Every structure is written in C-alpha cells, then in structure tokens.
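Here, each number is a calculation from the coordinates, and none is a lab measurement. Worth saying up front: this structure is predicted, and the values here are computed from it rather than measured. When we count neighbours, we look across all protein chains shown, and the Cβ atoms used for this are built from the backbone with ideal geometry, even at glycine.
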Amino acid sequence: MGGLEYRRGMHQLGRGTWAYLSPPGTWGWSNCGLLVSGADALLVDTQFDLPLTRELLTAVAGVAPGVEIRTVVTTHANGDHCWGNQLLPRAEVVGSSACSHDMAKEVQPADLAALSGSRSPDTALGDYMRRHFGVFDFEGIDVTPPTHTFSGRLDLTVGDRLVELFEVGPAHTDGDVIAYVPDAGVVFAGDILFIGGHPIMWTGPLQNWIVACERITATGAEHVVPGHGPITDQAGVAVFRGYLEWVADRAQKAYAAGLPYWEAGDPAQVHAAYAGWGNPERLVITMAAAYRELGDEPHELMDVLAKVADAEPK
Ligand SMILES: [Zn+2]
C-alpha cells in the first residue's frame, strides 16, 4: 500500500481510507485523514493556512474525484489542524465542546502573523517564531469552530461506513478527539501522537494523555496516523506512551529538587531513547504544564515561549 513512506500527500491505508502527510512534521506541518464511501467523504482536520488547505483539497480530488466532503472532524483547537475549515463551508464541522471553547481563546491568526512576520520583535523569541512559523500564510483566515459539538463519544457515518470519535482530552489541549475507523483498522490520533518529534503538552494532565494512548491501543488498530510525523503502528504508540511516563517521572523529580521548569525541560537532559526526536526545546512547554499539575501557578505563554527559544539547541 506504500502507506509507510513519509512523503507529502495522500497515502492509501485501505479501501476508501487515506492519510494526508505533511513532512517534516515540525511546528505547523500536520497530517490529515480522508474517508470515502460512495459520493460521501469525511476529512479529519484541515491545514494551518488557506494555501496548504487548498493543496489538501486538490489531493482529495486527485484520489477521490467527485466526492463531497460532508463532514470535517476537528481533532483539537490548534490552528495547524483547523485554520482551513472555512474552505469547506457546506460541511458539518464536528469537534468536542471543549475544543470549541478552546478555539475562542487560542492564539488567533493575526497574533501569530505578528509574532512570526518580518516585523516581529528582534529577540531570540522573534527569531524562533520567524524561523518556525514565518513560512505559513496567515492572511484571510476566518477561524471556523465546530458546527456540531459533543462530549465523550460520538459515532459518525460516511456513506455505509462507521467512524468512532473518542474525546480523550484534556491532554495535548482541552478538547482532544481521536477518530477510529473499524473497517480499515486505522486511528487518526491528531496531536495525541507525535512521531519523530517531541510533543507539546499545552494543557495536560499527563495521566490523561497516557490513558489516551491506552484508548488507541484498545482499538487494536493496525495503522495509527499521528498529528505530526510518519504513519506508525501500536509499537510506535507504546514508545510514545513511554516518553510520557519518562516526562512524568522527570517532572516529579525536578520539581521536588526545586529546579525551574525550563531546567526540567533542558534538551541536554532528554533520555537517550528520545535523543533523535526533533524540536527537543518543546519539552520546556510540556514541563511548564507538568509543573502546573504539581502545584505551580500557571505560567504566561510568552514567558514559556521565550524559554523555548533559549533552549533550542544551536
Ligand atoms: Zn499540531
């Protein structure tokens, strides 16, 4: 099926089932899913900006000409998974209630454009944001929240096929959802799973995220499509779960020792098993959230991001 090769575009995982991959999977380069049955189609997530989402829709038309995307599942509120929703104005956008609330308080496109554009601050953080986000086009984005929300569980149909949605957040964000497609043995995990790069925990708790990994494993799915990175399997989910357990252990020890969260998240201290993963500086964000679980007051986002920029290996 060629589904395991990590190249940009559609990868068929079964009859009427594709993953749309966006290498290199770093900040903003997110994956999507496509399910087709007859003339009916469902998309899992859109892209970070309008040009990238148009490219996605062209790829949909390439593998499934003439279908109508009647449903978009938004796995969570981060812009790289939903800022193309407006290009599907006739589709029902399905997400958790918590995701819908989260979208209203997320960083908005104009804010991100200001932080990463050519006139962004001449600081280490400005430099970091320009390098990682300056490549995207945040013009014209009208943040489009779910038109149908749910909590807990929701079954959808695409033609005669079943899609099971599980709300597993708060974990990566407030309202994370994963989509399981039983007839294809595929889970679209959104940012509950990152492959090849350090994940980011914006919300937590870590234990919920570990349980979310167990939810993926409980499906028995053969293929698991992460929010970022190449397609994986249950062994990949187990490795990722081990990372979260390592983070929980390191956070507890570092907190007890009185280290600040950015030292707990120092890329130089990452366990050897994860040394090859990209964007290790993002561990600083995860540690800030883990420290909140352990009793810290919430940290200002801009302060945390400044620490991330400082921690990036040079
Ligand atoms: Zn993402």
### Summary
Most exposed first, judged by fewest Cβ atoms within 10 angstrom, TRP277, TRP27 run TRP277, TRP27
### For the chain, the Rg and Dmax computed from alpha carbons only, in angstrom
18.6, 60
### GNM flexibility winner over the chain from LEU56, LEU43, LEU259 (Cα, springs under 10 Å)
LEU259
## Note on the structure
Contour minus Cα-Cα span, GLN269 to GLN12, at 0.36 nm per residue, comes to 88.7 nm
### Calculated FRET value between LEU294 and ASP160, using beta carbons and R₀ = 41 Å, to 0.05
0.25
### Message
Could you compute the net charge surrounding GLN269? Neighbours are other residues with a C-beta less than 10 Å from the C-beta of GLN269; K and R count +1, D and E count -1.
### Response
-1
### Message
At R0 = 51 Å, how high is the FRET efficiency between VAL211 and GLU55 if r is their beta carbon distance? Nearest 0.05 is fine.
### Response
0.90
### Query
Quick one: helix 50-63 against the long Cα principal axis of the chain, what's the angle to the nearest 10°, folded into 0 to 90?
40 degrees
### Task
Take every DSSP beta bridge with both residues inside the chain and express the antiparallel ones as a percent of the total, to the nearest 5.
60 percent
## Note on the structure
Taking VAL168, VAL67 and counting other beta carbon atoms within 10 angstrom, the fewest-first order is VAL67, VAL168
### Task
Would you tally the net charge around PRO199, using a Cβ to Cβ cut-off of less than 12 Å, leaving PRO199 out, and scoring K and R as +1, D and E as -1?
0
### Query
Tell me which aspartates and glutamates have Cα within less than 17 Å of LYS307's Cα, excluding those fewer than 8 residues away on the same chain?
ASP122, ASP127, GLU263, ASP266, GLU281, ASP296, GLU297
### Task
May I ask you to derive the FRET efficiency for ASP127 and ALA257 from their Cβ-Cβ distance with R0 = 35 Å, giving the value to the nearest 0.05?
0.65
### Query
So how tilted is helix 283-294 from the main axis of the chain? Cα-based, degrees 0 to 90, rounded to 10.
80 degrees
## Note on the structure
Stretched fully, the stretch from SER151 through VAL107 gains (0.36 nm per residue minus C-alpha distance, one decimal, in nm) 13.5 nm
### Query
Given that compact globular proteins tend to follow 2.2 N^0.38 Å, what is the ratio of the alpha-carbon Rg of the range 1-92 to that value?
0.99
### Query
Separation between the ALA218 and ARG90 pseudo-spin-labels, each 7 Å from Cα along Cα→Cβ, expressed in nm?
3.8 nm
